[in-house]
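Before any comments, here is the structure.
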Amino acid sequence: MKTLIKNGTIINADGRINANVVIEGETIVEITTEEVQADVVIDATGMLVMPGLIDMHVHFRDPGQEYKDDVISGSETAVAGGVTTCLPMANTTPINDNASITRAMIAKAKERGLIDLLPIGAVTQGFKGDRIVEMGDMIEAGAVAFSDDGLPVSSSTVMRAALEYSRGFNSFVISHSEDCSLCRHGVMNEGPTSTILGLKGMPSEKEEIAVARDMLLAKLTKGHIHIAHVSSAWSLKLIELARKEGVSITCEVAPHHFSFSDEHLLTYDTYFKMSPPLRSKCDVEAMKEGLRSGLVDVIATDHAPHHTDEKFVEFDKAPFGILGLQTLVPLTLALVKEGVITLERMVELTSANPAKILHLDNKGKIAKGMLADIAIIDPEMTYVYDEKLNKSKSKNSPLLNQTLTGAAVKTLKSGRVVFDFPNCL
Amino acid sequence: MAYRHKDLLGLRELSKEEILFFLSSAQAFKDLNNSEVKKTRSLHGKTVINAFFENSTRTRVSFETGAKRLGADAINFSASQSSAQKGETLLDTIHNMEAMKTDIFVLRHPNSGAAQFVAQHSDACIVNAGDGLHEHPTQALLDLMTIQEHKGRLEGLTVVIIGDIFHSRVARSNIWAMKTLGMTVKLFGPPTMMPAHVDVFGCHVCKTMEEAIEGSDVIMMLRIQLERQDGSTPFPSTREYSKFFGLSSTRIKLANPNPIVLHPGPINRGVEINSDVVENPEVSVILNQVENGVAIRMAVLDILNRNRNS
């Protein structure tokens with residue numbers, strides 16, 4: 001079957017072109033300005049045609065907490081946000097620390113067939129922080145990287161081993177950077193707002209100390225460290241230093257950390273409670289600068305569904321986390337509209353760079369021979385992100401019922417339309 | 001200007017006029033409390049529940065006394081005997097008691113923001129009787145009433161608050177209100193007991209006890225809240241704390257003429273404050289604070305009840 005996407009503006013990391021995309025089967029076969037006969041014709045007039053987004057950091061809560069989300073609802077949420085590849089973290093129940101669980105997660109995603117699901121395995125068995133997992137076995141099963149996300153790897157010796165061992169499989173470790181001894185009972189950023197609210201704070205140094213340690217271990221081992229959900233200005237300074245010194249280090253920033261500051265917590269809204277916490281306005285500006293300058297490699301959502309009942313409690317008792325997949329495009333486009341980044345840089349951050357880091361040679365670009373994972377985005381569409389549009393089983397987004405601008409209106413996975421606003425197909 | 005809101009959650013948002021309205025209203029109830037029959041009927045037929053999810057004696061008794069003197073049916077509820085221990089959520093607990101037609105909840109809770117959370121989801125009036133490290137508005141109001149009585153004014157006075165500022169909701173409520181009222185507020189305590197971003201209060205932070213006391217009209221000592229230190233040690237010993245951060249008769253001499261000393265209680269004698277200060281009637285107004293507490297709480301309950309009915 002041949003599909004034609006016509007009249008759109010194709011955005012790649014290295015430039016844009018007004019042209020038509022021709023797809024046959026799962027693959028892009030031609031980029032042309034000619035009108036081509038096709039079985040399916042998609043008119044993308046006024047739309048941006050981008051490579052399918054790759055989200056390197058999601059939580060689908062499957063297995064174990066399927067009442068929050070599962071691989072199926074997670075997949076549906078992803079494609080509704082233009083995301084065609086997801087990396088779910090290992091903090092499931094049971095923890096994804098062996099090949100059997102990895103295989104089961106992938107099989108479930110394939111059954112629904114909306115996205116490519118590339119699991120991140122645990123670094124340590126049972127998240128206990130001592131023995132590293134069978135990385136080789138898990139990579140054979142489909143795992144792509146390793147992280148105890150949700151918890152740091154406290155022992156430097158264990159982290160060293162993880163970096164050294166994963167390097168041997170051409171894989172890498174994702175650091176949940178947190179010095180837990182410095183954040184006892186903290187529930188938000190430590191700053192003027194936490195002082196006003198009387199909420200215990202987590203200083204940004206608890207992140208920076210861990211970033212510093214892990215970049216030094218990457219230097220020692222020549223392994224690749226990827227810093228998850230960077231939230232503080234000093235973390236970025238440290239990453240910049242490490243990179244200048246030739247350390248193999250990459251990093252991601254979540255949309256909420258470049259969109260909101262800790263002042264949003266003044267009403268004790270638990271939907272703004274997340275870890276790492278929303279930081280100061282200066283940190284938010286530093287994230288934007290990092291995104292602009294090229295220092296930040298990836299935008300990843302840290303999509304973290306939680307049930308309403310769990311969030312509808314006193315602030316201290318609510319779990320950390322925010323939905324992200326369906327607000328990734330509007331929040332990132334807001335940066336483009338603000339002039340912080342270009343559309344090309346948006347593609348670099350959300351697709352091209354993740355593909356490069358993950359060695360996905362057939363993704364991250366709209367070009368001949370690439371897999372036809374495509375997000376067709378209407379940058380001007382204004383809509384209310386409400387419960388009808390929300391595909392997650394959870395509702396924990398402070399943006400729910402807010403008016404947003406910019407959305408994926410059609411998502412193609414391997415050449416097949418899997419989302420047509422507002423519904424998954 | 002009267003106070004028109006359903007709840008009293010904190011003093012940060014209150015205007016000068018609203019704060020003074022509470023103080024002037026409390027004076028009438030203080031007069032009542034000093035008369036032979038300490039009873040009025042303004043809350044007759046109303047139900048007030050003291051919902052205490054955290055231990056307290058004086059605040060609970062003060063509210064209970066106030067509610068009963070206003071003619072309300074005052075019921076005490078403490079979390080240790082409650083369904084909260086069985087896993088029920090705070091809001092479900094409140095809604096169940098609300099279904100029993102409760103008019104006012106006096107809520108004490110260990111989590112900051114709990115009073116605001118309940119107030120947003122309850123039709124009953126909510127009085128914040130202390131939430132986590134956030135605010136304790138009636139304590140600050142009774143402090144202000146006591147200061148006004150003894151100094152004859154509030155505006156222009158210099159107050160120093162000494163001790164565990166980080167863990168003190170009393171300090172927070174007082175700081176906001178005092179600044180609104182045109183008072184100068186200084187803070188002092190070990191740096192480990194000072195919020196990391198104390199600048200947000202806009203108060204001068206003193207470096208020594210001497211600097212703290214000098215030029216002060218009012219000295220407000222705070223209790224060391226050892227139960228809230230989360231295992232970390234904010235100071236090496238009570239002996240050292242007393243030496244560098246404790247209040248003695250000698251140190252009081254550095255203050256402005258006729259200073260007064262406040263303390264929210266309970267007192268750790270010989271640690272944060274010496275007995276010779278506590279027992280000195282020329283400076284210590286600690287028991288006046290307790291007396292005024294009942295009057296303030298009566299004023300708050302009475303005003304919120306009127307707002308509910310209007």
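The values are calculated or read from the model by the stated rules, or taken from the named source; none is laboratory data. Quick caveat: nothing in here was measured; it's all calculated off a predicted structure. Glycine gets a Cβ as well: all are built from the backbone with ideal geometry, and neighbour counts include every protein chain shown. With ligands, DNA and RNA removed, areas are computed over all heavy atoms of the protein, side chains included. Shrake-Rupley method; radii C 1.70, N 1.55, O 1.52, S 1.80 Å.
Assorted remarks:
- For the stretch A:277-314, the set of residues classified as open to solvent by 10 Å² or more (accessible area, probe 1.4 Å), assigned to a loop (DSSP other than H, G, I, E, B) and either within 14 Å of chain B (Cβ to nearest Cβ) or in contact with a Ser or Thr (Cβ under 7 Å, 6 or more places away or on another chain) (or both) consists of A:S280, A:D297, A:H306, A:H307, A:F312, A:V313, listed by residue number.
- Verdict on B:I161 being of a type in the set (V, I, T), assigned by TED's automatic domain parsing to the domain that holds B:A99, outside any helix (DSSP H, G or I) and over 12 Å from the mean Cα position of the chain (by Cα): no
- Screening A:I28 against (1) at pLDDT below 95; (2) part of a strand (DSSP E or B) leaves a single unmet condition, (1).
- In the set (1) more than 14 Å from chain A (Cβ to nearest Cβ); (2) surrounded by 24 or more Cβ atoms within 10 Å (Cβ to Cβ), B:G156 fails one condition alone, (2).
- Residue count for the stretch B:260-283, restricted to those that are open to solvent by less than 20 Å² (accessible area, probe 1.4 Å) and among the small types (G, A, S): 1
- Extreme residue, farthest from the other protein chains (Cβ to nearest Cβ), among residues of the stretch A:175-206 that are part of a helix (DSSP H, G or I) and in contact with a strand residue (DSSP E or B) (Cβ under 9 Å, 6 or more places away or on another chain): A:L182
- Filtered residues of the stretch A:375-414 (kept if outside any strand (DSSP E or B) and of a type in the set (G, A, S)): A:S392, A:S394, A:S397, A:S414
- Residue check, B:K38 in the same structural domain as B:L301 (by TED's automatic domain parsing) and in contact with a Lys or Arg (Cβ under 7 Å, 6 or more places away or on another chain): yes
- When we screen A:S259, A:S231 for residues that are open to solvent by 10 Å² or more (accessible area, probe 1.4 Å), closer than 29 Å to A:A78 by Cα, at pLDDT 95 or above and more than 14 Å from chain B (Cβ to nearest Cβ), the only hit is A:S259.
- Pairs, first under 11 Å from B:D103 (Cα atoms) in the stretch B:286-310, second at pLDDT 95 or above and in a helix (DSSP H, G or I), C-beta under 8 Å, six or more apart: B:L301/B:F63; B:L301/B:G66; B:L301/B:A67
- The single residue among A:N390, A:N401, A:N396 that is in contact with a Pro (Cβ under 7 Å, 6 or more places away or on another chain) and more than 18 Å from A:G15 (Cα to Cα) turns out to be A:N396.
- Counted residues, the stretch A:122-155 - those being free of Cβ contacts under 8 Å to residues at least 40 places away in the same chain, within 17 Å of A:A212 (Cα to Cα) and surrounded by fewer than 22 Cβ atoms within 10 Å (Cβ to Cβ): 2
- Residues located in the stretch A:373-413, provided they are hydroxyl-bearing (S, T, Y) and crowded, with 18+ Cβ neighbours inside 10 Å: A:Y385, A:S392, A:S394, A:S397, A:T411
- Any hit, the stretch A:206-213, residues being touching a Ser or Thr at 6+ places or on another chain (Cβ under 6 Å), within 26 Å of B:R169 (Cα to Cα) and open to solvent by less than 40 Å² (accessible area, probe 1.4 Å): no
- So B:R69, is it touching a residue at least 40 places away in the same chain (Cβ under 8 Å) and in contact with a Phe, Trp or Tyr (Cβ under 6 Å, 6 or more places away or on another chain): no
- Qualifying positions in the stretch A:109-121 - open to solvent by 20 Å² or more (accessible area, probe 1.4 Å) and assigned to a helix (DSSP H, G or I): A:K110, A:E111, A:R112
- Answer residue from the stretch A:156-174, given it is part of a helix (DSSP H, G or I), surrounded by fewer than 19 Cβ atoms within 10 Å (Cβ to Cβ) and of a type in the set (S, T, N, Q) and is farthest from the chain's Cα centre (by Cα) among those: A:T157
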